[in-house]
Structure formats: structure tokens, C-alpha cells
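What follows is a short report on a single structure.
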Amino acid sequence: MEASASASASSGGRSPGRTSRASTSFARNESASAGYLSRSGTLLKSGRERIQRAAVGSASTIYNVLLSVSRGFGSVRDSLRRRAPETDPFLKALEFRTRVHAEIGAVDAVDHAVLLKGSQFPKLNTATLQKFLIARKYDVDKAFEMLMNYVEWRLTHISIAESEIVQSLAQEKVYVVKKTDKMRHICICIVVRKHMMKEVSLEETSQLIVYVIDKVTSTFLKKKKAMDKLTCIIDLQDISMANLDGAALKTILTLLQNYFPETLALMVLWRPPSIFFWIWKMIVPFVDPKTKGKILMAYKKKDLEKHFEEKNLPGSIGGTGSEDLFVRIQDLQSADVDGY
């Protein structure tokens, strides 16, 4: 009797049978988790080796390698689902992550510091993957396809040096405003009347756009602010046919919607003249509905009130602030935007 009571007390009042079943259940779950981690580790190692081998191949090989690795993750998930109960919280969490990230989740698991034909493989951090996923409304297949298009494009559009866009920078047509908009977005301003089409090629203009986006995002949109967006103000006042570059505007919109998704918060077309709409009608069919919904035609200060504080905008673009609120893009430093 005393021995029985002592055994009962030492087990916290639980019967030996229950304790045995609990231990068996725990061991089973622990074994399943260990098996998953072991398989995942094998897959990650295999993925890294494949990526390293692909470094001497072509860019098109990357897609197939990542697709193969991601399918491996899918097979592990399916195997675990068959062996465990439907209510297992571990599998439910795994299924949720897989459903959201699926194949692009495998991309984040491999080593991206690999050189491919002399070009650095673009860094695909969590924020980057999330932006592509959101852009395709959490359709994993479409998001993965969009991401691979970006990777292929980025391998041929690495960081743009200022020496490659000397003429564009000399025109001093791109600025960052020292104050954010009401939603705390960094504001870029493009002064179109300073853009002389005959002096710069479309290729250089495209390089300038990539340079601007890269510089602003690398300066401000990082770490906890990596998911933040940008506001772009295009100043169309006093333009002439010498400045009206429809191809450049189309390039800006194409780059933003195809390669920098979920980066644009708002685009303000400030005081567009009648000649602008002749070009706009040819461009707008190529703009996707989501991007189109972010474009605001503004003519008066009241059109800007919803998005900007008057004092935080220079007078030339509808505010009451001084022109000193502008910083040339080539001079931009992290301390230039107040409180960001």
C-alpha cells in the first residue's frame, strides 16, 4: 500500500499506464520532428551543392535548380501529412507556411552569395519574397514565376554605377524630399522639364530609374522598414515636346510593376498639361489595374491634402515649404529624411 502510494505521488497522481502512453506519444512526435529536420537538412545541403554547381552554368539553369529543390520540400511535407493526424499542430503550421511561401520558400533556404557568370545572384530576403507573393495575391505558382523573371532580369541589371548615368545625373531631375508623406513613405520627385530626351538614351534612362530605386531602398527600406513603400511625384509643369518622353514613363511603370512589386505606394502626376494626355493614352493600356489604382492626377493643392502636409512639400510641387526640402538623388544620405 505504502509503495503504491509512493509511486502514485512520484508520478504526480497519474497512473503508470497514462504516463507510458504520454511518453510514447511524445517520443512519436519527437521522432517525426527529428525525421523532418533530418530530411530538411539533407535537402538544404543538396540545394546548396546544386546552386554551387550551377554557378558555372547559365542563368536559365537557376530556375530548374530552385524548382527541383522546392519540389523536394513538397515531398517531405506530403510524407509527413500521410503519417500524422490531421489535427497535428506541427503539420498545420507547416502546411500554412508551405501554402503561403511554397516553392519560393526554398529559394530563401539556399546560399544566395553565389556568382553566376561574374554576376552576383540577387539577395532574396524575406521582405522581397513577401512582396512578390502579395503582388500575385498569394498565388504561389504565379509569385514564383514572377520571382524567377526578376532573378533573370537582375542578373543582367546589377548595381548601376554613377559613371554609367553621368548625363542623367547632370540634368539634376531626380530628388528626394526631406519630409515623408502622411503615411510615412519616402517621396521621390522627378522634374520632367529637366529631362532632355535628345541628350540621354532610353537605356540610360532605364539605368537611372534602377539606380534611384536601388539607392532609396538600400538607404531607407531595410531591416524593420523593408516592407515600406515609396511615393513618386512626377512634376509635369512647363514641359514641352522636348521633355515628353513616353517611353521613359512606360519604363518607370514597367520596372515598378514587374521587378519592384509592392514598392510603389502612390504616384502623383502633378499638373499634367494637355499634351501629356496624348502620350498617356498610349501608355495606360500597358499599366496593370493595381498600379493604375495608385496613380493620382493632381492639379490643385487640395488634391494633395489627403496624402501630404503642405509644409512638408516644396512650393514648386504644391506645398508651402522651401526648395531646400529637395535633395539631389546623387547626394542622398540616410540622415536627409527627417525622422525616418
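The values are calculated or read from the model by the stated rules, or taken from the named source; none is laboratory data. Note that this is a predicted model, so its numbers are computed, not measured. Heads up, the Cβs are rebuilt from the backbone with ideal geometry, glycines too, and the neighbour counts pull from every protein chain shown.
Couple of notes before you dig in:
- Positions within segment 133-147 being surrounded by 15 or more Cβ atoms within 10 Å (Cβ to Cβ) and modelled with pLDDT under 80, in sequence order: Val140, Phe144
- Hits in segment 201-215 - residues which are surrounded by 14 or more Cβ atoms within 10 Å (Cβ to Cβ) and either touching a Phe, Trp or Tyr at 6+ places or on another chain (Cβ under 8 Å) or under 18 Å from Thr254 (Cβ atoms) (or both): Glu204, Thr205, Ser206, Gln207, Leu208, Ile209, Val210, Tyr211, Val212, Ile213, Asp214
- Flag if Ala226 is among the small types (Gly, Ala, Ser), farther than 24 Å from Ser201 by Cα and surrounded by fewer than 17 Cβ atoms within 10 Å (Cβ to Cβ): yes
Table: residues versus (1) farther than 22 Å from Tyr150 by Cβ; (2) in the same structural domain as Cys187 (by TED's automatic domain parsing); (3) not in a helix (DSSP H, G or I).
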position: Ile234; (1), (2), (3): yes, yes, yes
position: Leu244; (1), (2), (3): yes, yes, yes
position: Leu249; (1), (2), (3): no, yes, no
position: Leu253; (1), (2), (3): no, yes, no
position: Ala265; (1), (2), (3): no, yes, yes
position: Pro285; (1), (2), (3): yes, yes, no
position: Lys290; (1), (2), (3): no, yes, no
position: Leu296; (1), (2), (3): yes, yes, yes
position: Asp338; (1), (2), (3): yes, no, yes
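- For segment 326-340, a residue qualifies if it is in contact with a helix residue (DSSP H, G or I) (Cβ under 7 Å, 6 or more places away or on another chain) and either crowded, with 17+ Cβ neighbours inside 10 Å or at pLDDT below 95 (or both), and the qualifying residues are Ile329, Leu332, Ser334.
- Residue check, Lys281 under 24 Å from Gly339 (Cβ atoms), out of contact with any strand residue (DSSP E or B) (no Cβ under 7 Å at 6 or more places or on another chain), outside the structural domain of Phe144 (by TED's automatic domain parsing) and part of a helix (DSSP H, G or I): no
- The set of residues in segment 285-300 being closer than 16 Å to Leu266 by Cα and either hydrophobic (A, V, I, L, M, F, W, C) or surrounded by fewer than 16 Cβ atoms within 10 Å (Cβ to Cβ) (or both) consists of Val287, Asp288, Pro289, Lys290, Lys292, Gly293, Ile295, Leu296, Met297, Ala298, Tyr299.
- Only one of the numbered conditions (1) hydroxyl-bearing (Ser, Thr, Tyr); (2) in a helix (DSSP H, G or I); (3) in contact (Cβ under 8 Å) with a residue 40 or more places away in the chain is violated by Ser240, and that is (2).
- Residue within segment 125-132 that is in a loop (DSSP other than H, G, I, E, B), closer than 29 Å to Leu332 by Cα and at pLDDT 55 or above present: yes
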